[in-house]
Amino acid sequence: MKLIKGTDAQAVDRGFVGDVRVDASVCYDFVVSLRALHNPRTFTRSRRWTSEQLERLGDEHTEAARFLFQGFDTALGYGAIRLIADLPLGAGPRDLIDAVAALPAADLAMLMLDDGEADAQRLAAYREVLDGAPKRAATAVAGLLPGWAARCRRVLREPDVVQAELVAVLGSYLDRVFAEQADDLTVLLDEAAGAARAMLDVVPAPTVIEQLTGGYTLGEDLDLRSVTLAPSVFAHPYMSARVDQAARAALVVYGVPSAFFDGYDPVPIRQDLVTALKAMSDPNRLALLRMLAERPMYAAELAAQLRLGQPTVHHHVHRLRAAGLVRQERDRVGTRYSLRAEATAELIRSIEDWIFGSTDRRS
């Protein structure tokens, strides 16, 4: 999907005030591509790429990788991405693997278990288990969805084993697939990072973050000192964020449009329109858009009014934000959503233009 760059006037100059840096390390796509590989129903743009690469990976890789990387916001292996910012300048995937192997297993487990939604109380419970109270693992995961809870329990009880599995999966994937694609990705990421830095030179940081991510903002009450923006070819049209309130830092990985997958899926159609239409083809999402058109709302409010569980609401708004229709703001209260009115109107005009416009503009 090509992100819609329109932003509402009310969003300008809102949110985070602090240092922003852009990190074009290919290591981010090294990790994100494993998520794409094992979540083809979510990462549809890379689906044909996925089918080709899975044939090159053995069954022993696939079983462990599914445990670590299946799930979008709940992918355990994605925790490794938090180590990239501390790698030396110019470090590559092999350096990341070494860093994963060298980290104390309990510390790596904490990175894996922090899915971006875990609150301070749950994270403290995880730490207690890892610091020597394994019998409290069941209590620590109470209230989580069953599948995610089972994965978390295993990480809490066998952090050393899971760490070894992650190192093996990363190494196998690098050798069999990613190494030969890293150079092409590096070129695309450098271009995207250059464009982001140019934007930061002339546009307020909150507006740049919102435009690059398709609607994600950071609330002022988070009192962040720094934000790292990391472009990713494989994340497109999505983004993900991890906020470390103790360190007053945030990592935002945002998807960038590219022609990388054209050779695998050369479909002459605008992917942004396909993504948006799929996002809106659900009655709950249409109702959600209508509600947000009236006023911004927190996830708990949406869940109560729609009579849905919060995980289901998160799934719906995630799809709508990926289509550029919804703004997501993280603050100390939680996650607040609002409609990107101008972007939504522009999308509707684009659909009309696609259907009724001249054929030479439909690609």
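Here is the figure for the stretch 289-330: residues that are in contact (Cβ under 8 Å) with a residue 40 or more places away in the chain, in contact with a Leu (Cβ under 8 Å, 6 or more places away or on another chain) and not in a loop (DSSP other than H, G, I, E, B) total 9. Looking across Ala246, Ala150, Ala259, Ala192, one residue alone is assigned to a helix (DSSP H, G or I) and surrounded by fewer than 19 Cβ atoms within 10 Å (Cβ to Cβ). It is Ala150. Which one is farthest from Tyr28 (Cα to Cα), of the residues in the stretch 162-177 that are of a type in the set (A, V, I, L, M, F, W, C) and touching a residue at least 40 places away in the same chain (Cβ under 8 Å)? Going through the qualifying residues, I end up with Val162.
This table checks each residue for (1) touching a helix residue (DSSP H, G or I) at 6+ places or on another chain (Cβ under 7 Å); (2) surrounded by fewer than 22 Cβ atoms within 10 Å (Cβ to Cβ); (3) not in a helix (DSSP H, G or I).
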residue	(1), (2), (3)
Val20	yes, yes, yes
Ser25	yes, no, yes
Val32	no, no, no
Pro40	yes, yes, yes
Thr50	yes, yes, no
Arg56	yes, yes, yes
Ala64	yes, yes, no
Thr74	yes, yes, yes
Tyr78	yes, no, no
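In the set Ala106, Ala80, Ala99, Ala85, only one residue is at pLDDT below 95 and among the aliphatic types (A, V, I, L, M); that residue is Ala85. Inspect the stretch 203-216 for any residue being among the hydroxyl-bearing types (Ser, Thr, Tyr), more than 19 Å from Ser338 (Cβ to Cβ) and in contact with an Asp or Glu (Cβ under 9 Å, 6 or more places away or on another chain) and give the result as yes or no. Looking for residues that are among the hydroxyl-bearing types (Ser, Thr, Tyr), more than 19 Å from Ser338 (Cβ to Cβ) and in contact with an Asp or Glu (Cβ under 9 Å, 6 or more places away or on another chain), one finds none in the stretch 203-216, hence no. Can you confirm whether the stretch 128-146 contains a residue that is out of contact with any helix residue (DSSP H, G or I) (no Cβ under 9 Å at 6 or more places or on another chain), in a loop (DSSP other than H, G, I, E, B) and not small (Gly, Ala, Ser)? Checked against the condition, which is being out of contact with any helix residue (DSSP H, G or I) (no Cβ under 9 Å at 6 or more places or on another chain), in a loop (DSSP other than H, G, I, E, B) and not small (Gly, Ala, Ser), the stretch 128-146 yields no hits at all.
The single residue among Val274, Val317 that is surrounded by 13 or more Cβ atoms within 10 Å (Cβ to Cβ) and either at pLDDT 85 or above or in contact with a strand residue (DSSP E or B) (Cβ under 6 Å, 6 or more places away or on another chain) (or both) turns out to be Val317.
Annotation note: Cβ proximity below 7 Å between a residue of the stretch 178-203 that is assigned by TED's automatic domain parsing to the domain that holds Pro93 and a residue that is at pLDDT below 95 and among the charged types (D, E, K, R) (sequence gap 6+ or interchain) occurs for no pair.
The values are calculated or read from the model by the stated rules, or taken from the named source; none is laboratory data. The model shown is predicted, which means the values in this text are computed figures rather than measured ones. All Cβ positions, even for glycine, are placed from backbone atoms using ideal geometry, and neighbour counts span all protein chains on display.
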